[in-house]
1. Only one of these is surrounded by fewer than 16 Cβ atoms within 10 Å (Cβ to Cβ) and free of Cβ contacts under 8 Å to residues at least 40 places away in the same chain: P126, P116. Name it.
2. Only one residue in A2, A14 is farther than 30 Å from G139 by Cβ and not in a strand (DSSP E or B), so which one is that?
3. All but one of (1) open to solvent by 70 Å² or more (accessible area, probe 1.4 Å); (2) in contact with a Pro (Cβ under 9 Å, 6 or more places away or on another chain) hold for T138; state the number of the condition that does not hold.
4. Restrict the check to region 40-48 and report whether at least one residue is on the phi > 0 side of the Ramachandran plot and at pLDDT below 95.
5. Considering only strands (runs of 3 or more DSSP E) fully contained in region 72-145, which possess at least 1 residues that are at pLDDT below 95 and among the aliphatic types (A, V, I, L, M)?
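The values are calculated or read from the model by the stated rules, or taken from the named source; none is laboratory data. Since this is a predicted model, take the numbers as computed values, not measurements. Here the Cβ positions follow ideal geometry from the backbone for every residue, glycine too, while neighbour counts run over all protein chains shown. Each accessible area value is taken on the protein alone, full model and side chains, heavy atoms only, with ligands, DNA and RNA left out. Shrake-Rupley method; radii C 1.70, N 1.55, O 1.52, S 1.80 Å.
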Amino acid sequence: MAKAPLIFTYYIAAPAEKVWDGFVSKEANQKIFMGADFEVDLKPGGAMNWSGPGKDGKPMRYVTGQVLRVEAPKLLEYKFGMGDGAVMSRVKIELTPESEAVKVVVTNDEWAEDDPAYAQNADGWPRILSRLKTLLETGKTFRPH
């Protein structure tokens, strides 16, 4: 049986371009992912990776991804997986400007039945999105648990 999609909706009081930048910029990703180095080639087929030191201090890849669709500043779709990305799911980020905020809908779906990252992402997305919202609205964020 297929795993249910993970769907999260947030409202961020910032312009759409700033929210978009929060998802795709190296600087914002380093802040919300506790210093992880973020690299992305924002075009279909482009690489998307988060990396940094492992527990032993040696460089390692935390997350491997591939860009599927880009419609800046309203849609970003990519596949990603933990580590080398042997098992991937899909993420679609939709940004819709409203009166004084941007509606952010993140859908994480196309899960492999045996993907161990499902529970981690179910817990992690609200934390990541909360840190991003706080960063964009206040200029600072908070450490994860």
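1. Details: P126 fails: free of Cβ contacts under 8 Å to residues at least 40 places away in the same chain.
Testing whether each residue is surrounded by fewer than 16 Cβ atoms within 10 Å (Cβ to Cβ) and free of Cβ contacts under 8 Å to residues at least 40 places away in the same chain leaves just P116.
2. Exactly one residue qualifies, and that residue is A2.
3. (2)
4. no
5. On the way: elements: 75-82, 89-97, 102-109.
Hits in region 72-145: 75-82.
Rundown of residues vs (1) under 21 Å from E98 (Cβ atoms); (2) touching a helix residue (DSSP H, G or I) at 6+ places or on another chain (Cβ under 8 Å); (3) outside any strand (DSSP E or B); (4) without any contact (Cβ under 8 Å) to a residue 24 or more places away in the chain, yes/no style:
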residue	(1), (2), (3), (4)
Y10	yes, yes, no, no
K18	yes, yes, yes, no
G22	yes, yes, yes, no
L42	no, yes, yes, no
G45	no, no, yes, yes
N49	no, no, no, yes
L68	no, no, no, no
